2 protein chains.
Amino acid sequence: MNKNQPLPWDHPRFRSWIAVARACQLMQTVLTRELTELDIKPPHLDILINLYRFEGISQQELARKLLVGRSNMSMALPLMEKRGLIERRGDKQDKRVLRLYLTNEGRSVTEAAMGIQTALIERTLSSEPLDQCMAMAESMERLIVTLQSEIREDSREPA
Amino acid sequence: MNKNQPLPWDHPRFRSWIAVARACQLMQTVLTRELTELDIKPPHLDILINLYRFEGISQQELARKLLVGRSNMSMALPLMEKRGLIERRGDKQDKRVLRLYLTNEGRSVTEAAMGIQTALIERTLSSEPLDQCMAMAESMERLIVTLQSEIREDSREPA
DNA sequence: CCGAAAATGTTCAATATTGAACAATAAAGT
DNA sequence: ACTTTATTGTTCAATATTGAACATTTTCGG
């Protein structure tokens, strides 16, 4: 059965990618644990960080930045609003869009959570030379561009 | 508010990691699309690949390899069994454990799916020099070791 | 200006994932 | 042998995520 098909784990790039995926998974797991004291989870942190950087962003724009569907935001944001972390205010110009803002509570939770995440990343990645980290980031950014263009092609031409 | 706290996006390692995470997310999205023709999703592919490599593995061992909880396997595997992709047979020695095997159907689906995933990875990563891929893999493997030991510490000492 | 097309957000059902509590079996300690 | 502890798998409720169908509002073509 393995006669004519080269097995994936013989491909160096395949093996590399699997390692990347596993590392992401683990990092997520550990981050989840460390965030429990703040009673938030990674998806919410992603949202908070983006609101911290881009105050007044719309739900649509936020979903695009996070690479998730709009419906995701429609489910998550009202919960965060009820918890007093964010506010949603309608845009004056365009009555369709809701613009998002951090509350003071949300801002301080975000700062604490960013501190935790930054510390985790520094701690676990500090043994890797900075050159190597930067090179990896550049590879990943090229990968992101490639994959995003592929996704856009698919949705333009859904034949 | 940003006076005394250094912002995460000023840390090069933080930025690098965010790029890694986004790339993983996108890769997952694209892989999901390309697997629809086989009617399976990435989590099932992960399972199939591991059964392909390690026939007769137990549910527990499989969960450990995939870095997911045992309950996850308890939910997913019966569905895959109903779809005729795998078989679960009780261990003769130890009546607690269920050992997992691919059916012929499962094996051919796995081979097709591995082909798709390998092609995707080769296609999107081929522009990165092999040295760079290997260096990244080594970094990620070190990261995995670090994070796993941290997880183990936590679960040993859950104070 | 009016009707068609696009954009934004919501709802819903389907699927994933987790952790906790549980039952059955095995291993260890006495 | 017997009680205790550990391991394996299951169930359940809670939370995430997605895509499709939908309503509202805006934009565009005529």
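For the reader, a short list of remarks on this structure follows.
- For the range B:77-96, the candidate set comprises residues that are within 14 Å of DNA strand C (Cβ to nearest atom), surrounded by 12 or more Cβ atoms within 10 Å (Cβ to Cβ) and under 22 Å from the mean Cα position of the chain (by Cα); within that set, the residue that is nearest to B:GLN59 (Cα to Cα) is B:LEU77.
- Residues that are part of a loop (DSSP other than H, G, I, E, B) and crowded, with 19+ Cβ neighbours inside 10 Å within the range A:25-56 comprise just one, A:ILE40.
- Qualifying residue in the range B:97-118 (condition: farther than 23 Å from A:ALA23 by Cβ, away from DNA strand D (no atom under 16 Å from the Cβ), more than 21 Å from the chain's Cα centre (by Cα) and assigned to a helix (DSSP H, G or I)): yes
- Residue check, A:LEU7 aliphatic (A, V, I, L, M) and at pLDDT below 95: yes
- Candidates B:LEU147, B:LEU130 - the one that is free of Cβ contacts under 8 Å to residues at least 24 places away in the same chain, over 27 Å from B:LEU77 (Cβ atoms) and touching a helix residue (DSSP H, G or I) at 6+ places or on another chain (Cβ under 8 Å): B:LEU130
- Among the numbered conditions (1) at the interface with chain B (Cβ under 10 Å from one of its Cβ atoms); (2) modelled with pLDDT of 95 or more, the only one that A:ALA63 does not meet is (1).
- Pick from the range B:49-60, criterion away from every other protein chain (no Cβ under 11 Å) and hydrophobic (A, V, I, L, M, F, W, C), ranking: farthest from DNA strand C (Cβ to nearest atom): B:PHE54
- Among residues of the range A:39-67 that are over 15 Å from A:TYR101 (Cα atoms), those with a beta-carbon under 6 Å from a residue that is away from DNA strand C (no atom under 13 Å from the Cβ) and assigned to a helix (DSSP H, G or I) at least six positions away or on a different chain give the pairs A:LYS65/A:ASN50; A:LEU66/A:ASP46.
- Matching residues, the range A:64-75, being within 11 Å of DNA strand C (Cβ to nearest atom) and buried (at least 18 other Cβ atoms within 10 Å of the Cβ): A:MET73
The values are calculated or read from the model by the stated rules, or taken from the named source; none is laboratory data. Bear in mind the structure is a predicted one, so any value in this text is a computation, not a measurement. Here the Cβ is made from the backbone with ideal geometry for all residues, glycine too, and neighbour counts use every protein chain on show.
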